[in-house]
Structure formats: C-alpha cells, structure tokens
1. Among the residues of region 62-72, which ones are buried (at least 17 other Cβ atoms within 10 Å of the Cβ) and within 15 Å of ligand 1 (Cβ to nearest atom)?
2. Among the residues of region 89-119, write down those that are open to solvent by 80 Å² or more (accessible area, probe 1.4 Å) and either at pLDDT below 95 or within 14 Å of ligand 2 (Cβ to nearest atom) (or both).
3. In region 122-147, how many are modelled with pLDDT of 95 or more and over 17 Å from GLU76 (Cβ atoms)?
4. Tell me which residues, restricted to region 49-58, are aromatic (Phe, Trp, Tyr) and open to solvent by 50 Å² or more (accessible area, probe 1.4 Å).
5. Restricting to region 109-127, name every residue that is under 13 Å from the mean Cα position of the chain (by Cα) and under 14 Å from LEU94 (Cα atoms).
6. Quick check on my filter: what residues within region 73-100 are part of a strand (DSSP E or B), in contact (Cβ under 8 Å) with a residue 60 or more places away in the chain and over 14 Å from LEU113 (Cβ atoms)?
7. Which condition does LEU129 not pass, out of (1) surrounded by 21 or more Cβ atoms within 10 Å (Cβ to Cβ); (2) among the aliphatic types (A, V, I, L, M); (3) under 21 Å from ALA45 (Cα atoms), if it passes all the others?
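The values are calculated or read from the model by the stated rules, or taken from the named source; none is laboratory data. Please read these numbers as outputs of a predicted model, since none were measured by experiment. As a convention, Cβ positions derive from the backbone with ideal geometry for all residues, glycine included, and neighbour counts pool all protein chains shown. Surface accessibility is based on the protein's heavy atoms, side chains included, excluding ligands, DNA and RNA. Shrake-Rupley method; radii C 1.70, N 1.55, O 1.52, S 1.80 Å.
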Amino acid sequence: MEKSFIMIKPDGVQRGLVGNIISKFEAKGFTLVGLKQMSVSRELAEAHYAVHKERPFFGSLVDYIISAPVVAMVWEGNGVIASARKLIGATNPLEAEPGTIRGDYGITIGRNLIHGSDAPETAASEIELWFGESGLCSWEPALKPWLYE
Ligand code: DAT
Ligand code: MG
C-alpha cells in the first residue's frame, strides 16, 4: 500500500494547527500508520532537505525546521502521495488554493506549515530517514474508503 511522509512544521505546531491538519487527512480517508512529535537535529533537517542544499534558502529552511518541535507522520492509502500534495497546496501559500492547508492557513513560503513527499522514491527514503528506527504501526481499518469507489 502506498505511503507518504507528512510533517507538520514548527509553525503549524506553534499555531495549534496539529489537530486541524490531521483531521483533513483522517476525513479524506487515509490511514495514519506513523505519528511522533519530535525535536529535529540539524543533521536530520539537512538530510531531509539535501536536494535543496545549493539553494539560497537552504540555511534559513534548516534553521526554521529545527527551531521548535515538528509532528512527523506517515499516511497510507491508494494515491496518498499525490492526494496529500493536493490537500497541502502550492509551495507558496499565497498561490495555494483556498481549501488547501497552505491556502487556508499560510501567507509566506518561509512558513508554509507542512511537508509532503513528492514521489514514491522520495516517500520511501523520507520514511526510512524519519521512521527507520522507531518503525511504523501497520493496521487495517475495518472500514476501507478506497474499496467503495
Ligand atoms: P514543497 O515543500 O512544496 O515540496 P520544495 O520541495 O520545492 O517545496 O521546497 C522545500 C521547502 O523549501 C518549501 O516547503 C519551502 C522552502 N522553499 C522552497 N522554495 C523557496 C523559496 N524560493 N524561498 C524560500 N523558501 C523556499
Ligand atoms: Mg518538496
């Protein structure tokens, strides 16, 4: 079953939006299989954003991610990677559609609330990076929304 790594960034936690954000994924019908609030080391933040290490915003991005706890999650379900990106909205919250998480709650790219994996390969490597040691809680919901299409 497809999985995506989703992280509520420090601004989402500081603003008390954890419940609202989790609700959107739950209500959509995806299955939560990993969840932890944690402080992030500089090493982990740099590894997570390694693809952006040559970009001018890399330093401030890493400083932001390690500035306060995040909520790291893994959500499971058919099509969850692309669907989560739609729920999250465009990278720049000013360009994100109303109804999306960034569109509803954000106004600046430097505080855009949430991360979501962008492809199956990145999802697999991000899940390994963030949950490799603690592992996931796989379970089968009694009600499976994806079977009722
Ligand atoms: P996304 O988080 O939508 O996958 P990304 O992978 O291109 O976006 O960039 C990772 C994060 O880096 C993004 O959530 C916010 C920050 N970022 C991206 N482009 C930026 C820019 N031009 N200026 C400042 N921060 C930026
Ligand atoms: Mg990205």
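1. Result: VAL62, TYR64, ILE65, ILE66, VAL70, ALA72.
2. Restricting attention to region 89-119, the residues satisfying the condition of being open to solvent by 80 Å² or more (accessible area, probe 1.4 Å) are 94-95, 97-98, 107, 109, 111, 118.
Answer for region 89-119, where residues must be open to solvent by 80 Å² or more (accessible area, probe 1.4 Å) and either at pLDDT below 95 or within 14 Å of ligand 2 (Cβ to nearest atom) (or both): ILE109, ASP118.
3. Of the residues in region 122-147, 1 are modelled with pLDDT of 95 or more and over 17 Å from GLU76 (Cβ atoms).
4. Filtering region 49-58 for residues aromatic (Phe, Trp, Tyr) gives 49, 57-58.
Matches in region 49-58: PHE57 only.
5. Passing the criteria: ASN112, LEU113.
6. Narrowing region 73-100 to residues part of a strand (DSSP E or B): 73-76, 98, 100.
Narrowing the set further to residues that are in contact (Cβ under 8 Å) with a residue 60 or more places away in the chain leaves 73-76.
Matches in region 73-100: VAL74, TRP75, GLU76.
7. Evaluating LEU129 over (1) surrounded by 21 or more Cβ atoms within 10 Å (Cβ to Cβ); (2) among the aliphatic types (A, V, I, L, M); (3) under 21 Å from ALA45 (Cα atoms) leaves (1) as the failure.
Every residue, every condition in (1) open to solvent by less than 40 Å² (accessible area, probe 1.4 Å); (2) modelled with pLDDT under 95; (3) assigned to a strand (DSSP E or B); (4) within 24 Å of GLU133 (Cβ to Cβ), yes or no:
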{"site": "MET1", "(1), (2), (3), (4)": "no, yes, no, yes"}
{"site": "GLY19", "(1), (2), (3), (4)": "no, no, no, no"}
{"site": "ILE22", "(1), (2), (3), (4)": "yes, no, no, yes"}
{"site": "PHE25", "(1), (2), (3), (4)": "yes, no, no, yes"}
{"site": "LYS36", "(1), (2), (3), (4)": "no, no, yes, yes"}
{"site": "ALA47", "(1), (2), (3), (4)": "no, no, no, yes"}
{"site": "SER60", "(1), (2), (3), (4)": "no, no, no, no"}
